[in-house]
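A.B. asks: Below you'll find the structure I mean.
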Amino acid sequence: MAFRIGPDGPVLSVVMDTDGLFSLAQPGFGPAAPSGPAGVETAGFGAAAADAPLPVRMRPASLDELVGQQHLLAPGAPLRQLVTGSSPMSVILWGPPGTGKTTIAHLVAHATDRKFVAMSALTAGVKDVRAVIETARRARRSGGPPTVLFIDEVHRFSKTQQDSLLAAVEDRTVTLLAATTENPYFSVISPLLSRCVLLTLQALQEEDVRGLIRRAVADHRGLGGAVSLSPEAETHLVRLSAGDVRKALTALEAAAGSATAQGAKVIDLATAERAVDVAAVRYDRDGDAHYDVTSAFIKSMRGSDPDAALHYLARMLVAGEDPRFIARRIVIFSSEDVGMADPQALLVATAAAQAVQLIGMPEAQLNLAQAVVHMATAPKSNSVTTAIGAAIADVRAGRGGAVPSPLRDAHYSGSRGLGHGLGYRYPHDDPRGVVRQQYVPDDLVGTDYYRPSEHGAERAVGERVPRLRRIVRGLGARPGESRPVAASASGANRAAGGAAASDASQSSADLEQTGTTGSGPQGSGPVEPAASGEAGTPAGEPGSAVETADEGGPDTVADHPVTVTGSGTAAAGPDAEDDVMRSERSDKSGVAAGKEQP
């Protein structure tokens, strides 16, 4: 059923009697409505009753009374076109509570020459939606006015329910006006979102809220000047509303009722504090506020601002966020953003997470706060994050061949026959604990994933890593670098099996120490001893070997075993092949000797 209110008023429709629709009252039912478009009388979208809540009574009657959202009210803006009816475009209103979404729907209902139907996604279903669409289609075919369908809390519609709107919105059988507090990019299906204009409403500024409070105190629709509001009480209401006008006006109404009951004419700070003593916290564990606050929390720790990090921690705790979630984020942060710059950070974070499990709230907030301060004030490094990221990228790109044979598992019978573990060099048998050995697959030789920073404890790691890489990769010492290392007469270098190591199992450090004058793999010339006067064992002293600088790179390091002679010179041993065989035999006896390293 459709009818017009007043000669130039909008057309209202009562299409069905269902809980999903706001009942749109006909003339003659309920209080008399004033003349003109603003006189629409509906249950929910008509003139407010005298005993209606203060936020309802104070709804703007026109766009001129709308406070805030100036970015949407410019001439020709979609919101103004929607209200005036100059463009039948479908709109989704997205914003936090108390920013005017339902108020805008009221303005559309009162100010346009269109049939207006409202429903709530909390109670309406597909059947209700299809009934409205069918009625709108029949009205359109008969030359009737277009239909505006308002759906409040549209994010609560399922995918199927939202799908039922697509065709009608596409061909403008209905003009959709939907309101949501959830991010529509997550809560509204993409086909429906692409058919609508998305308007984002912002939380009101403090001065906007202050102006609306003053209007409510003085306006005849509000308190009508029955009481006044002290500046301190006004500031209290504005601050605790956090931009939610509905909350501010509700608190004002409660404070006014308390003052009236006491016979007071002024709402002072004490009365206002009794009306509302907890600020509105914009946070929901499944919506944008959850992700926004969490993101700000992590970025504050990364930015080394402990005060900001504690603020966002407090916001999550007050809003009831699961402390285990917060603890997990801190543990992740300790490796992602602190890493090797402060290795203790991971221990602190895991200890805080364990404390949350053992102690629980509210005491665990102390453990979380301590961990947050530690993370925020610790030196930062993301070298671990970038290193594992680069390694994973290579693996996904197909890089990485077979595991080198010396590193393969050799604990089972028959593995030696496959060559597994043969030639493995046991680092602990080297005086330095590091040996020349290829650990990566062939196609990754020379790849550097880990690049230490200069921050915190990682500075020392950054000084050590290049030396380790030169030894492991057999690159020789840096030009001009000389470090004497005494060669052990027995047991200094041992193969994985525990027996005396052959020359083939010598560390690259030993190869660097002995060096060769030859440039090829069979270099056999005598090594020039270190010049006398260098730090360490004097050149030429029996039993000594001096590591000398080698600018030639890996090609200048003897690939065949080199033995150190008593005179300080080194040459390729004539029994090199026998030494290699001895090394292999010692590898095979490793299990019995208790030295096998899989």
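A.B. asks: Report the label-to-label distance for K299 and R274 in nanometres (one decimal), using points 7 Å from each Cα along the Cα→Cβ vector.
C.D. replies: Simple spin-label model gives 4.3 nm for this pair.
A.B. asks: Of S194, S304, which has the most accessible area and how do the rest follow, probe 1.4 Å?
C.D. replies: Listed by decreasing accessible area, they come as S194, S304.
A.B. asks: Follow-up. Compute the FRET efficiency between R80 and R464 as 1/(1 + (r/R0)^6), taking r as their Cβ-Cβ distance and R0 = 56 Å, and round to the nearest 0.05.
C.D. replies: 0.25
A.B. asks: To continue, here is another question. Could you give the nm distance between label points at L193 and D292, where each point is 7 Å from its Cα heading toward the beta carbon?
C.D. replies: 1.6
A.B. asks: Now a separate question. When ranked by the protection proxy of mean other Cβ atoms within 10 Å per residue, highest first, what sequence do the peptides 431-440, 96-105, 364-373 form?
C.D. replies: Packing order, densest peptide first, comes out as 96-105, 364-373, 431-440.
A.B. asks: Measure of size requested: the Rg and Dmax of the range 341-484, with Cα atoms as the atom set and Å as the unit; please supply both.
C.D. replies: Taking only Cα atoms of the range 341-484, I get Rg and Dmax of 21.0, 62 Å.
A.B. asks: According to a simple spin-label model (label point 7 Å from Cα along Cα-to-Cβ), what is the distance in nm between L73 and D307?
C.D. replies: Here the modelled spin labels are 3.5 nm apart.
A.B. asks: I would also like to ask the following. If only Cα atoms are counted, what is the Rg of the range 126-234, and what is its Dmax, in Å?
C.D. replies: Looking at the range 126-234, its Cα Rg and Dmax stand at 20.1, 60 Å.
A.B. asks: Determine the order of T447, T147 by accessible area, beginning with the largest, at a probe radius of 1.4 Å.
C.D. replies: T447, T147
A.B. asks: Set the Förster radius R0 to 56 Å, insert the Cβ-Cβ distance between L63 and S413 as r into 1/(1 + (r/R0)^6), and round the FRET efficiency to 0.05.
C.D. replies: 0.05
A.B. asks: I've got another one for you. What is the gain in length, in nm to one decimal, between T377 and R396 on full extension, counting 0.36 nm per residue of separation less the C-alpha to C-alpha distance?
C.D. replies: In short, 3.3 nm is gained.
A.B. asks: Between D113 and D322, how high is the FRET efficiency from 1/(1 + (r/R0)^6) when r is the Cβ-Cβ distance and R₀ = 45 Å? Nearest 0.05.
C.D. replies: That gives a FRET efficiency of 0.30.
A.B. asks: Let me ask you something else. For S120, S413, S62, give me the order by solvent-accessible area with a 1.4 Å probe, most accessible first, ignoring ligands, DNA and RNA.
C.D. replies: Output order, biggest surface exposure first: S413, S62, S120.
The values are calculated or read from the model by the stated rules, or taken from the named source; none is laboratory data. These numbers were taken from a predicted model, which means no experiment stands behind them. Positions of Cβ are backbone-derived with ideal geometry, glycine not excepted, and every protein chain shown enters the neighbour counts. Ligands, DNA and RNA are excluded from the accessible area calculation, which covers all protein heavy atoms including side chains. Shrake-Rupley method; radii C 1.70, N 1.55, O 1.52, S 1.80 Å.
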